[in-house]
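The values are calculated or read from the model by the stated rules, or taken from the named source; none is laboratory data. Predicted model only: the values in this text are computed from it and were never measured. Quick reminder, even Gly has a Cβ in these numbers, built from the backbone with ideal geometry, and neighbours come from all protein chains shown.
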Amino acid sequence: MNPVFAVALKEFQDSLRNRWFVSITFIFSLLSIGLSYYGSVASGHIGSPSLSTTVASLSSLSVFIIPLIALLLCYDSFVGEHESGTLLLLMTYPISHGQLLLGKFLGQGSIITLATILGFGSAAVLLSITTDMQDVGRSFSLFIVTSSLLGLCFVALAYIISVSVSEKSKAAGIALITWLFFVLVFDLVLLGLLVGSSDAITQHGLVQLMMFNPADLFRLINLSSLSSSDVNGVLAVAINSSFSTGTLLSAMVAWVVVPLGITLIIFRQKNL
Amino acid sequence: MSYPVVTLESVSKHYKHLRALDGINLTLNSGEIMGLFGHNGAGKTTMMKLILGVITVSDGQIKVCGVDPKSKQAWNSRKEIGYLPENVSFYEQLTGHEVLTYFARLKSVPKGQVSPLLEKVGLSSAMHRQVKTYSKGMRQRLGLAQAFLGKPTLLLLDEPTVGLDPIATQEFYLSVNQLRNEGASIILCSHVLPGVEQHIDRAMILSNGKSIAIGTLDELRQQANLPVVIKTQGINGALGQNENLSQFIVDATQLHIPQELKVNVLKQLLDYDSLDDIQVENANLEQIYQYYLRMAAGEKNQNSKGAI
């Protein structure tokens, strides 16, 4: 068996074994089904919400949860094996650094991707059967693709943390800080910049800044297809940007590929 | 026919503030078992990592099966190398069988070898239990099974017998000897000195990253010139009256004889009619080891004195 697949298979089975996969899928489907049917209650309406409110509230919740889950799933991927000594042993086997990284990414990435497809897909299927909403398939497929990309991107970021430190506890701490930074601090700073200096940043400039945060990219892609009344915060300004969905999607893909590349560079120089 | 499997030519490895290895020369032939001894931090593990190609040398040249272990050509020979690291803890949630299957896949070893290997190391009854339920000895056995995967031609074993009971240790040496007879070379690194000596062909003693002695046990014994201890029973006072022997007497029943006079003295002792019992002990590995470490420490002191 190709060593890449051997590693991927093991990582995948590990996540099945310790019930990560079941829990993530369950959380995602609970979230999406709950929001699809009761999402409007939060804003004071009773009755089934519109598709755009559903996707808007789903993405503002997912933007917190998906990165957290991805970081928790993968932060100990390398540092854990380093601590137990198996990383050293693996590197004496006929498997290269790149193959090991790719194998882990395939295994753990497919867990996140599958969980998103099953979890959010279940809501899409339910909605399209029970309601007469238009375009459920289109909105949800974009949402599922971006959710998976968001997950993969934070998997790659978790790998950077995992190969850079030598203790598991440190990796966990840095993972939490990373999460806080991307989902909260980054937006607060942007908002501060916007309020503090009214003319310093143009709308175009703002969107360019948002390219530096995969979580913002995720929201931008999902919300820009919706009516702007459902959107608030920094995003309300950034929406209707001049970037096409395709451009934004490729920026997200870059957020997966570049961290993986950085991981490989650090991993190759790591002292075992 | 034997050929060199591992060659080290004035190999050095230093980290930022540490000279881990300094000018090591070594040739390991096929079908040879070498013991690697030294105090904690002497550089044993560093040497193994260099041979495995996990870290690069700072100076000198290293060849495993004719190629640099760090190079791309060494890729295929990695399948032929077995390594047992010190203190490895395998994936706790997996069963022993799953762990070994994973490593077998990585080494492209057929799956059929997994169960027989686990049986060979005595884990057949526990192979479908999770590794976290294993005792220290059982984990060590699993590690050995992992190192034996795919009939390696070069085996590097770091503290292989730690945690093994005496019978398991014996079985371990049997497997090692079997591999050696099939032409494999083995480097054995151990702190447990008693019991190792009859299993190794050559020994290398490291201290502070330097090789302070290398050779067969007989050669080392001769160089060290450690006395043979002879204990007698029944002769009592008569020993003191023998002019040839009196100079070697340590106490009434014990003699310390230089190696080369051993047979001579034994003949003389056997002439005593009153002799009931006789014990002859060659200097063992532990004494040789201590002798060389003391020598190395002595040289170091002299050097530092000279510097002042």
Note on B:Tyr15: of the conditions (1) facing chain A (nearest Cβ under 9 Å); (2) over 30 Å from B:Leu123 (Cα atoms); (3) touching a residue at least 24 places away in the same chain (Cβ under 8 Å); (4) not aliphatic (A, V, I, L, M), unmet is (3)
Test B:Lys267 against the criterion of being outside the structural domain of B:Gly35 (by TED's automatic domain parsing) and in contact (Cβ under 8 Å) with a residue 24 or more places away in the chain, and give yes or no. no
Evaluate the following for B:Gly122: is it among the small types (Gly, Ala, Ser), in a loop (DSSP other than H, G, I, E, B) and touching a residue at least 12 places away in the same chain (Cβ under 8 Å)? yes
From (1) modelled with pLDDT under 85; (2) part of a strand (DSSP E or B), pick out the condition that doesn't hold for B:Gln302. (2)
B:Asp68 fails exactly one of the following numbered conditions: (1) within 10 Å of chain A (Cβ to nearest Cβ); (2) more than 18 Å from B:Lys136 (Cα to Cα). What is the number of that condition? (1)
Would you check which residues across segment A:198-237 are modelled with pLDDT under 75 and either in a helix (DSSP H, G or I) or hydrophobic (A, V, I, L, M, F, W, C) (or both) and list them? A:Ala200, A:Ile201, A:Gln203, A:Leu226, A:Ser228, A:Ser229, A:Asp230, A:Val231, A:Val234, A:Leu235, A:Ala236, A:Val237
Extreme residue, nearest to the other protein chains (Cβ to nearest Cβ), among residues of segment B:71-104 that are among the charged types (D, E, K, R) and free of Cβ contacts under 8 Å to residues at least 40 places away in the same chain: B:Arg78
What are the residue pairs meeting all of these: first residue in segment B:144-158, first residue closer than 20 Å to B:Asn76 by Cα, second residue among the charged types (D, E, K, R) and surrounded by fewer than 24 Cβ atoms within 10 Å (Cβ to Cβ), Cβ atoms under 7 Å, and 6 or more apart or on different chains? B:Leu149/B:Lys107; B:Gly150/B:Lys79; B:Gly150/B:Lys107; B:Pro152/B:Glu80; B:Thr153/B:Glu80; B:Leu154/B:Glu80
Whether any residue in segment B:77-88 is modelled with pLDDT under 85 and small (Gly, Ala, Ser) is what I want to check. yes
For segment A:11-126, which helices (runs of 4 or more DSSP H) that fit wholly inside it have 1 or more residues that are away from chain B (no Cβ under 14 Å) and under 14 Å from the mean Cα position of the chain (by Cα)? A:20-38, A:51-74
Quick one: is B:Val250 at pLDDT 85 or above, among the β-branched types (Val, Ile, Thr) and surrounded by fewer than 19 Cβ atoms within 10 Å (Cβ to Cβ)? no
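Which residue, of B:Lys63, B:Lys49, B:Lys107, B:Lys44, is within 11 Å of chain A (Cβ to nearest Cβ) and within 23 Å of the chain's Cα centre (by Cα)?
One residue alone meets the criteria, B:Lys49.
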